[in-house]
Amino acid sequence: MNHKPIEGFSKLPKQGKIEWLVNEYLEGNQEYQNILKQYWNDDADLQKLHEEFSENTISNFYMPYGIAPNFLIDGKLLALPMAVEESSVVAAASKAAKFWIDKGGFKTTIINTEKLGHTHFIFNVEPHKLLHFFNFSLKKKLFEATEDITANMRKRGGGILNISLVDKTAEMPNYYQLKASFDTVDSMGANFINSCLEQFGKTLRQEVATSEDFTQEEKNSLQIVMNILSNFTPDCIVRAEVSCKMEDLKDDSGISPEEFASKFKQAVTIAEIEPYRATTHNKGVMNGVDAVVIATGNDFRATEACAHAYAARDGQYRSLTHCTTDNGIFRFWIDLPISVGVVGGLTNLHPLVKFSLALLGKPSAQELMSILAVSGLAQNFGALRSLVTTGIQKGHMKMHLLNILNQLGATEEEKQHFVTYFKDKTVSHHEVINEFNRMRGN
């Protein structure tokens, strides 16, 4: 091995971790220590708060925190907080919001809010015998055993909605599930759901052990494999949509409203039938969703996993958004499965998350679901609008221009020159380099 393993890294103080990393991997270069330290917060208490969000923390990793204004959602005008580093995401969302603000804005509908979890277990027993045991004994015991865990959630209007037995023996020998649905109200509910499921596993083991329905050999065969929530929540879903008369689609792109609607619908249809395009199409949707998810302290990995699983629910990966142009009406919508919370976790701790939620009017979990679906739909509309008119690079590269100039070490005066220079030109990396070298006399 080219480096030595270390024991007890997590027990070292922060400075000790940094010194070991710099000496072991970075040839003792103190510049790297300075890079880490310049991102520490001057407020020691705030820095400590950030460090305790995770493990082995040695610095903070900044991302741009931007605002997309003018979102008219269900009659309320909002400015959306977006934490994202990719050029043009905030600009595209803002442009889409402005486009729809005088056309009625975005409308949303909460279709359902159920979340799921499973106790996965192996049991060498006849399915009919287990089903009888579940229906006439176990199901009631599972609800009773979790009453203490669910008490507070039930007071808020949530709790366990249902528990069912799922026979998966056709796919894996002796494999069954206890499948439970939950309403976690304004929390994402991961800890609540997992606590309930772990109790399910204990209760299942106890009830089987004392039951007269099974032989000792059958009882000995029971294995609780795992108790865990599912991030696939096809019954926790929100719809966001926009619509207008075809003639109202007129803008400055140079093509007629009818041609725009036709090409836009074709682009969506391609994403509905072609997985290669659908993947990039949905990535654009999630640009908008994840930026607000991160800004509001929610789990963007869970959001991503759920959305992409939903996009492939019929066996082929497809577009999350859909479009119709019937009877002279343009309609564009998304059905997004998403599980988020506005209490618990970072929502009560991270100062910028608190700011984000306050900016959005302290939304309920359902209201935040609506906002996220709208952000994804707006981002997708903006991307498709560019693709079927001017092309994606014109706008994207203008947003990327400052990144290129910063890499070249351009001064503020030089940056302003380039903004003017490319005002009526398409930005390309090659052309930026050429003009930069010309200005510097290289």
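The values are calculated or read from the model by the stated rules, or taken from the named source; none is laboratory data. Keep in mind it's a predicted model, so treat the numbers as computed, not measured. Cβ sites come from the backbone with ideal geometry, for glycine too, and all protein chains shown count toward neighbours. In case anyone asks, the SASA skips ligands and DNA or RNA and just uses the protein heavy atoms, side chains included. Shrake-Rupley method; radii C 1.70, N 1.55, O 1.52, S 1.80 Å.
Within the stretch 109-131, whose backbone N sits under 16 Å from a point 7 Å along Cα→Cβ of GLU171?
The answer is 116-123.
So, with a 1.4 angstrom probe, what is the percent of accessible area on the stretch 131-198 that is carbon and sulfur? Write down the numbers at each step before the final one.
Values: 1710 of 3590 Å².
Result for the stretch 131-198: 48 percent of the exposed heavy-atom area is carbon or sulfur.
Starting with the highest mean, order 408-414, 138-144 by the number of other Cβ atoms within 10 Å, averaged over the residues of each peptide.
With the highest mean Cβ count within 10 Å placed first, the list reads 138-144, 408-414.
Which label marks the calculated value of Kirkwood radius over Cα pairs in Å, given the options (i) 21.8; (ii) 25.5; (iii) 23.6?
(ii)
Given charges of +1 on the Cβ of Lys and Arg and -1 on the Cβ of Asp and Glu, with all other atoms neutral, how large is the dipole of the stretch 236-287 about its Cα centre, in debye to the nearest 20?
Values: 7 positive and 9 negative charges, 53 e Å.
Result for the stretch 236-287 is approximately 260 debye, rounded to the nearest 20.
Any chance you could count the Lys pairs in the stretch 156-282 whose alpha carbons are under 19 Å apart, treating pairs 8 or more apart or on different chains as valid?
Working: LYS168/LYS179; LYS168/LYS219; LYS179/LYS202; LYS202/LYS219; LYS245/LYS263; LYS245/LYS265; LYS250/LYS263; LYS250/LYS265.
So the count works out to 8.
Starting from the Cα of LYS362, draw a straight line to each of the aspartates and glutamates and keep only those under 16 Å, dropping any in the same chain fewer than 8 residues away.
In chain and number order, the partners are ASP74, ASP186.
Sorted by packing (mean other beta-carbon atoms within 10 Å per residue), highest first, where do 119-126, 216-223, 435-442 land? If you can, show how the numbers build up before the last one.
Details: 119-126: 18.9, 216-223: 13.6, 435-442: 11.4.
Going from most to least packed, we get 119-126, 216-223, 435-442.
Quote the Stokes-Einstein diffusion coefficient, in whole µm² s⁻¹, for the stretch 302-398, based on the Kirkwood radius over alpha carbon pairs, a temperature of 20 °C and a viscosity of 1.002 mPa s. Walk me through the intermediate numbers first.
Details: Rh = 15.9 Å.
Translational diffusion coefficient: 135 µm²/s.
In the stretch 1-112, how many lysine pairs have Cα atoms under 24 Å apart, counting only pairs 8 or more places apart or on different chains?
Going through the stretch 1-112 pair by pair, I get 16.
State, as an integer percentage, the relative contact order of the stretch 61-109 based on alpha-carbon contacts under 8 Å between residues 6 or more apart. Don't jump to the answer; show the numbers that get you there.
Values: 69 pairs, mean separation 20.7, N = 49.
Computed value for the stretch 61-109: 42 percent relative contact order.
Can you give the calculated 222 nm mean residue ellipticity of the chain, where each DSSP H run of n ≥ 4 adds -39,500 (n - 2.57) and the sum is split over every residue, rounded to the nearest 500 deg cm²/dmol? Working shown, then result.
Values: 17 runs with 211 residues, N = 442.
For the chain, the value works out to -15000 deg cm²/dmol.
Provide the per residue accessible area, probe 1.4 Å, for the chain, rounded to a whole number of square angstrom.
52 Å²
When the label point is put 7 Å from the Cα of ARG313 along its Cα-to-beta-carbon vector, which residues of the stretch 170-195 have a backbone N closer than 19 Å?
179-184
By DSSP, what percent of the beta bridges with both residues in the chain are antiparallel, rounded to the nearest 5?
Working: 49 of 51 bridges.
Of those bridges, close to 95 percent are antiparallel.
For a quick protection proxy, order the peptides 267-274, 22-29 by their average other-Cβ count within 10 Å, most packed first.
Working: 267-274: 17.2, 22-29: 12.0.
Taking the mean over residues of other Cβ atoms within 10 Å, the ranking is 267-274, 22-29.
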